[in-house]
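No value in this document is a laboratory result; all are computed from the given coordinates. Here the structure is a predicted model, which means the values were calculated and not measured. Positions of Cβ are generated from backbone atoms using ideal geometry, with glycine treated the same way; all protein chains shown enter the neighbour counts.
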Amino acid sequence: MIKATELPDTIPIFPLPGALLLPRSRLPLHIFEPRYLQMLEDTLKTPTRLIGMVQPNEVPGRSGIGLHSIGCAGRITQFSETEDGRYLITLGGASRFRVTKEIEGFTPYRRCEVNWEGFDRDLGPEEHDKAFSRASFLDLLGRYFDARDLSADWETLKEADDELLINSLSMMLDFDPEDKQALLEAPSLSTRRETLVTLIEYALRGGQDSEMMQ
């Protein structure tokens, strides 16, 4: 586990729409663009091997694609090369951060100065959700899966720890990038679970009450 004193001031940024990484979770990625292959090569040479996952944010009146202010850094824990030069990597979620400044030039990929303050809990032990009603949550999830003709290993879901269950579903379910950002920014596991429930209920209503998540 990375210590707070080891977190760097500058990290490479991978702005991938809809891709959510959370602390203590794992995100598989397929790297093939030349600029991100260079990012991977450079990152593997650093002590922490951290890459920052940030949702793009199109800001009106600004050239190029902006970035949301909060992202999550992941440590490269696994990587393998394919025969045609692509890479399959796994990021282990380390800590969220705030983007303070984007660094111009020097590399073909984006880099940012970041601030880790306010996310101390991310570097600690896994969280628990004391108010979590697993039975009612799994009932809601079952209705969501049925509506989308999805299958699940329900025995595994029933036995999974609170954090693993809530974070995995937050990362895997097909929500809009802005909804993914709301899940990322949730200050606690219970808040993330409440946000997840709201999103599932909203989806089951067919996207009605569109102002609810504004």
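Data overview
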| read-out | value |
| --- | --- |
| Any hit, region 150-163, residues being within 21 Å of the chain's Cα centre (by Cα), under 30 Å from Glu33 (Cβ atoms) and touching a residue at least 24 places away in the same chain (Cβ under 8 Å) | no |
| Region 14-41: number of residues that are under 18 Å from Gln181 (Cβ atoms) and of a type outside the set (A, V, I, L, M) | 6 |
| Test: residue in region 24-31 that is surrounded by fewer than 12 Cβ atoms within 10 Å (Cβ to Cβ), within 12 Å of the chain's Cα centre (by Cα) and within 24 Å of Phe175 (Cβ to Cβ) | yes |
| Region 77-111, residues that are in contact (Cβ under 8 Å) with a residue 40 or more places away in the chain and among the small types (Gly, Ala, Ser) | Gly85, Gly92, Gly93, Ala94, Ser95 |
| Spans of helices (runs of 4 or more DSSP H) in region 117-214 with at least 3 residues loosely packed, with under 12 Cβ neighbours inside 10 Å | 134-147, 154-159 |
